Amino acid sequence: MHAGDVWVGLDLGTSAVKAVALRGDGAVLARASTDYPTERPVPGASEQDPGSWRRACAEVVAQLRDAVRPSAWRGIGLSAMIPTLVVLDQGLEPLAPAVTWEDARAEREGERLRRAVGAEWLYERTGQWLDGRYLLPMYARLAAAEPGLAPRVRHLAGAKDLLFAWLTGELVTDPSTAAGFGAYDVRAGVWLEEPLRSLELELAAPLPLLPRVEPSTSTRPLIASAAATLGLPAGLPICLGAADSVLGALGLGADSVGDVAYIAGTSSVVLGIAARFIPDAHHRYLITPLADSGAYGLEMDLLATGSAVRWLARLLDGVDDEAQLIARGGALDPAAAPVFLPYLAPGEQGALWNAELHGTVLGLHLGHDAAHIARGLLNGIVLESRRCLEALSDAGLPAGRVRLSGWCAAAAGVRSDLADCCRRQVRAAPSDGRDCSAIGAARLLARTLGDTVATPAEPDLDVCPIEERSRVWDGLWERHERALEVTAVVYEPTEALCTDS
């Protein structure tokens, strides 16, 4: 490695693409971020224009290029949200809007596929509890809703797969992204015939091609057309990379058994590091292959956390933004708030895996104001985080440090709440770690090319639990669980809510 070498990471997230340029000593030389919109044309829908991803990637690369000369770049490592479905034609061009992991319209298709193949059998092989947010059920719904589209689809891909194809001309996926299809045997490293055959029978048509699966450390050269668009030298190595949760853990330094990466964004990922494949009898967590270590991430995804905070900030008068909402709510005694069950997606994965859960507020009275409601939402998110960490303990993982990033890391009160409620030592990432997945992608790129990016010295950002406060959270946990039992009723959507048009 030369002193001037720079490693670039690119993370295609739920609401924005983020990019970083790292020096070998781990210092961040430049950061960039560009948003793109999500369209919600009908209830439950969540769609994005893949062209907006390409434009956003070009913008952040231009920002990094202005800050750090491209001649110093050793390559680009990739990360992206999963599962997100993109349907492609023969030339690898998108045929329709991408369907993101937030889309809730394919639950029936997911249930049918679980029944046809066997939910437990699938979990034992894929590490995934198949629901409507996986790519195969998403495609089944799309093919049924748009019968004129299906005959033109030649390839199914994830978001990062498309990004890699744009940059290199090849459609390839990695094991962690392949897990989001719902038909990948993560230990054998092969696509499973049973769910694919079952889906073909349901569709009464051949299934489009799935990408070839290669290690996360696979690289290809940047093709000339993409190089010209981005203003970069052709032939620059592009590292295939991995899912944002996997590389977020790497970016946060969660690499020892028992360490937990807590990546708080639109949703919140709670990922514990395990040395081996450990299924859970209650399928509370997913099992995701890590990038280059042979280890696994035991992963839970709280579907509505950052998105719920943004929603409430928009809803309440007198609250300017999410930071103000968190500050106002966090200043209150957590026991003074109403119970807020934060299942606003709708449904929840986390450690519950119940698509019928919906957001609920209990115990409101005239003495409550906006800050109390905000405090209740924060309480609900913290308590569901506790549920996730307890599932990791039940799996036999040691109680390692929770490495926190995103909006939770930026809020001192939330850091303390997590430590107290979960009785865990919590460490916030420097600069809140919002781009930890991009940093992980850059670090994986360096490893792939035979170098390393050091972990810079961290300030003392550890928060330790205080037992007196932990006992208060024990009481709030009991109240939260009673409220969940009371409201656990089947939600029957109306015909209007089931419309896919």
Item to complete: For every other residue with a beta carbon closer than 10 angstrom to the beta carbon of A143, add +1 if it is Lys or Arg and -1 if Asp or Glu, then tell me the sum.
Response: -2
Practice prompt. Work out from phi, with θ = phi - 60° and the Karplus expression 6.51 cos²θ - 1.76 cosθ + 1.60, the ³J(HN,Hα) of each residue of the range 356-366, listed in order in whole Hz, and give x for Gly and Pro.
Written response: 9, 6, 9, x, 8, 10, 10, x, 5, 8, 5
Item to complete: Work out the charge dipole of the range 43-111 with +1 on the Cβ of Lys and Arg and -1 on the Cβ of Asp and Glu about the Cα centre, then indicate which of A58, A104, P83 is farthest towards its positive end.
Response: A58
Fill in: About the Cα centre, charge dipole magnitude for the range 83-166 (Lys/Arg +1, Asp/Glu -1 at Cβ), debye
160
Discussion item. Give me the percent of accessible area attributable to carbon and sulfur for the range 165-294, probe 1.4 angstrom.
Written reply: 55
Fill in: Neighbourhood charge, 12 Å Cβ-Cβ cut-off, centred on D420 and excluding it, Lys, Arg +1 and Asp, Glu -1
+2
Practice prompt. Round to the nearest 10 and report in Å² the accessible area of E124, as given by a 1.4 Å probe over the protein chains' heavy atoms.
Written response: 80
Response to the item:
Over the chain, the sum of -39500 (n - 2.57) across DSSP H runs of at least four, divided by residue number and rounded to 500 deg cm²/dmol, gives at 222 nm -11000 deg cm²/dmol
Worksheet item: Which Cα, out of T217, H282, G306, lies furthest along the positive dipole direction of the chain (beta carbon charges, K/R +1, D/E -1)?
Response: T217
Item to complete: On a C-alpha basis, how far is the centre of the range 105-124 from the centre of the range 134-175 in Å? Whole number, if you could?
Response: 19
Item to complete: Determine the dipole magnitude for the range 4-125: charges of +1 sit on the beta-carbon of Lys and Arg, -1 on that of Asp and Glu, nothing else is charged, the reference point is the Cα centre, and the result goes in debye to the nearest 20.
Response: 260
Response to the item:
Quick calc: nm separation of the 7 Å Cα→Cβ label points for D394 and D89 -> 4.9
Fill in: Cα centre as origin, Lys/Arg/Asp/Glu Cβ charges: the chain dipole, Debye
880
Worksheet item: Quick one: what does P(r) look like for the range 193-341 with 5 Å bins over all Cα pairs, in whole %?
Response: 2, 7, 10, 11, 12, 13, 14, 13, 8, 5, 3, 1, 0
Discussion item. Run the numbers for L461 and L29: contour at 0.36 nm per residue of separation, minus the present Cα-Cα distance, in nm.
Written reply: 153.3 nm
Worksheet entry | Theoretical FRET efficiency, 1/(1+(r/R0)^6), r = Cβ-Cβ of E193 and A58, R0 51 Å, to 0.05 | 0.85
Worksheet entry | Simple spin-label estimate for E39 and E111 in nanometres, 7 Å along Cα-Cβ | 2.9
Fill in: Two-site label geometry, V472 and F277: point separation in nm, points 7 Å out along Cα→Cβ
4.5
Response to the item:
Taking a ≥ b ≥ c as the square roots of the eigenvalues of the Cα gyration tensor, with a/c under 1.5 meaning rounded and otherwise prolate when a/b exceeds b/c and oblate if not, the chain is oblate
Worksheet, complete the sentence: For the chain, the charge dipole (Cβ of Lys, Arg +1; Cβ of Asp, Glu -1; about the Cα centre) points to a positive end, and the Cα of L271, A19, L113 closest to that extreme belongs to A19
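The values are calculated or read from the model by the stated rules, or taken from the named source; none is laboratory data. What you see is a predicted model; the values in this text were computed from it and never measured. Cβ sites come from the backbone with ideal geometry, for glycine too, and all protein chains shown count toward neighbours. When the accessible area is computed, the model is the full protein with side chains, heavy atoms only, and any ligands, DNA or RNA have been set aside. Shrake-Rupley method; radii C 1.70, N 1.55, O 1.52, S 1.80 Å.
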